[in-house]
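Have a look at the structure below before the remarks.
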Amino acid sequence: LIIVESPSKARTIERYLGGEYRVLACNGHVKDLPKKNLGVDITNNFAVEYEILPDKKDIVKKLKKSAANAPTIYIATDPDREGEAIAWHVASELNGKSGKVRRVLFNEITADGVRTGMDNPREVNHNLVNAQQARRIIDRIVGFKVSEFLWKVLYFGLSAGRVQSVALRLVCERHEEIINFKPEEYWILEVELMTKGGETFTARLHKVSGENIELKNEVAINEIISKLENESFIIDSIKKKEVRRKPYAPFITSTIQQDAATRLKYSPARTMRLAQRLYEGVEMESGEPTGLITYMRTDSTRLAPASVDGARQFISSQYGEQYLPETPNVYGQQKKNIQDAHEAIRPADPNITPEMVKGHLENDEFKLYDLIWRRFIACQMNPSILDQTTIEIKAGEAQFRVSGSVVKF
């Protein structure tokens, strides 16, 4: 018996493994703290009281019935802290101490990903469980205690939370900054120039008499313009240099939410909902469900060596050796306290291009997969090369500047 979180993932995994296994879904958390009381004994080392969620009682009964006849039970909930806590709760209801309950992780819902997970079963990781419990306990204490206080001093119905109260303070502080902001007038002076060949371009005032200048009002602008009326605009210098731009690191949870918001106008919740579907699997032409991306909740830019090899082979065959660096690009962690439990968000198979799956995905899903696939392939390419040109133009004591770049590679 294999237990996962979602029914769609259950169907995908069952098809990969065949009739030897039965795969059932627990539909997320099956236990939680009670709704009617705190459920945390603050005086007794924060001991917690869990109860089966009312809408999960039938599911737990079904799991127990199937587990009774299963020689081994594999709990394959999501590979993160929440998933580990769900696995622990499910195991506790299925006599987890009997020795026949094992924990497996599927970082990608593909045939290889499922086989790798099944080949490496382990015990429930209680460090991860405790991490989730600590978060849940703090949620409950803050939610119960502070909300109750707000009802007394303000009005009934207000809520406080571990995250929302801090976020609200940040919003309020930012709002105060906006209210207290004193706008200052400033001006920019640009001039449209024409070359001997009839090409026009715009240059911006950079310095006056070799010094940076702030144009705070229209009087200052008009003063400079009057001085420039009879001046000739002469090219003082042309500087050219080659600029290399390294590819961005593969996506993590925060960067995919940012990029999807910027490029696709998706909310973070929408992005994660679509990514979940891509991770759990979609039916391809063969009728077999295929997981298209790796697990989408991660803070690591690490990539599995096999995935890097796959990307490099694809780049070499489809784009040419000139796009391929001599050694794979490796992206280090920029922040402290990175969990690094999972690799970056990437296509499960780089050979499955967006065009190949377009007919099997909804338009929103396709756009997100296209974003993930392109970011991953690009992260293993050579840097782009640009020719950057900066032109300094003098007109009396005024110095104007215009710059631009052209993609060379």
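For the stretch 177-285, the C-alpha radius of gyration sits at 1.89 times the compact-globule guess of 2.2 N^0.38 Å, with N the residue count. When 88, 151 are arranged by Cβ crowding within 10 Å, least crowded first, meaning fewest neighbours, the order is 151, 88. If the chain linking residue 405 and residue 237 were pulled fully straight, counting 0.36 nm for each residue of separation and taking away their Cα-Cα distance, it would gain 58.9 nm.
Under 5 Å between amide hydrogens, which residues at least 5 positions from residue 384 or on another chain qualify, with H placed 1.01 Å from N in the peptide plane? Those qualifying (amide H under 5 Å, at least 5 residues apart or on another chain) are 245.
Mean residue ellipticity at 222 nm, helices only, the chain: -11500 deg cm²/dmol; runs of at least 4 DSSP H residues each add -39,500 (n - 2.57), and the sum is divided by the number of residues. Comparing 45, 125, 382 in a Gaussian network model of the chain, where Cα atoms under 10 Å apart are tied by springs, the biggest mean-square fluctuation is seen for 45. Entry note: the stretch 244-356 has Rg to Rh equal to 0.97, where both radii use alpha-carbon atoms and Rh is the Kirkwood radius. Across the stretch 151-168, computed HN-Hα scalar couplings (Karplus, 6.51 cos²θ - 1.76 cosθ + 1.60, θ = phi - 60°) run 4, 6, 8, 10, 7, 5, x, 6, 10, 10, x, 4, 9, 5, 5, 5, 4, 4 Hz from first to last residue, x flagging Gly and Pro.
Mean separation of Cα pairs under 8 Å and 6 or more residues apart, divided by the residue count, gives the stretch 252-294 a relative contact order of 24 percent. Of the trypsin sites (Lys or Arg not before Pro) found in the stretch 124-153, none is in coil by DSSP with at most 14 other Cβ atoms within 10 Å of its Cβ. Here's how it looks for residue 32: its modeled amide H is under 5 Å from those of 51, 53, which are all 5 or more places away or on a different chain. A simple rule links phi to the HN-Hα coupling: the Karplus curve 6.51 cos²θ - 1.76 cosθ + 1.60 with θ = phi - 60°, which for the stretch 6-23 gives 10, x, 5, 5, 4, 5, 4, 5, 4, 5, 5, 8, x, x, 5, 10, 10, 10 Hz, with x for Gly and Pro.
Would you mind calculating the relative contact order of the chain from Cα pairs under 8 angstrom and at least 6 residues apart, reporting the percent as a whole number? Across the chain, relative contact order equals 16 percent.
Along the stretch 133-142 the Karplus relation, 6.51 cos²θ - 1.76 cosθ + 1.60 evaluated at θ = phi - 60°, assigns HN-Hα couplings of 4, 4, 4, 5, 5, 5, 3, 5, 4, 5 Hz to successive residues, with x for each Gly and Pro.
Near residue 281, the amide H atoms lying under 5 Å from its own belong to 292; only residues 5 or more places off or on other chains count, and H is placed 1.01 Å from N. Ordering 78-86, 167-175, 384-392 by mean Cβ neighbour count within 10 Å, with the highest value first, yields 78-86, 384-392, 167-175. When the alpha-carbon atoms of the stretch 118-213 are used, the pair Rg, Dmax equals 29.0, 77 angstrom.
Based on C-alpha pairs under 8 angstrom that are at least 6 apart in sequence, the stretch 253-382 has a relative contact order of 30 percent. When only the Cβ of Lys, Arg, Asp and Glu is charged (+1, +1, -1, -1), the dipole of the chain relative to its Cα centre reaches about 1540 debye. At 20 °C and a viscosity of 1.002 mPa s, what translational diffusion coefficient does Stokes-Einstein give for the chain, taking Rh as the Kirkwood radius over Cα pairs? Give it in µm²/s as a whole number. The diffusion coefficient I find is 81 µm²/s. Footprinting exposure proxy ranking of 109, 141, fewest other C-beta atoms within 10 angstrom first, gives 141, 109.
When the convex hull of its Cα atoms is viewed from all sides, the stretch 2-133 shows a mean projected area of 8.3 nm². Taking the dipole about the Cα centre of the chain, with the C-beta of Lys and Arg at +1 and of Asp and Glu at -1, give me whichever of 324, 46, 260 is farthest to the positive side. The one lying farthest along the dipole's positive direction is 46.
By other beta-carbon atoms within 10 Å, ranking 20, 49 with the fewest at the front produces 20, 49.
Coordinate-derived values only; no laboratory data. Small disclaimer: the values here were computed from a predicted structure and weren't measured. Backbone-built Cβ (ideal geometry, glycine too); neighbour counts: all protein chains shown.
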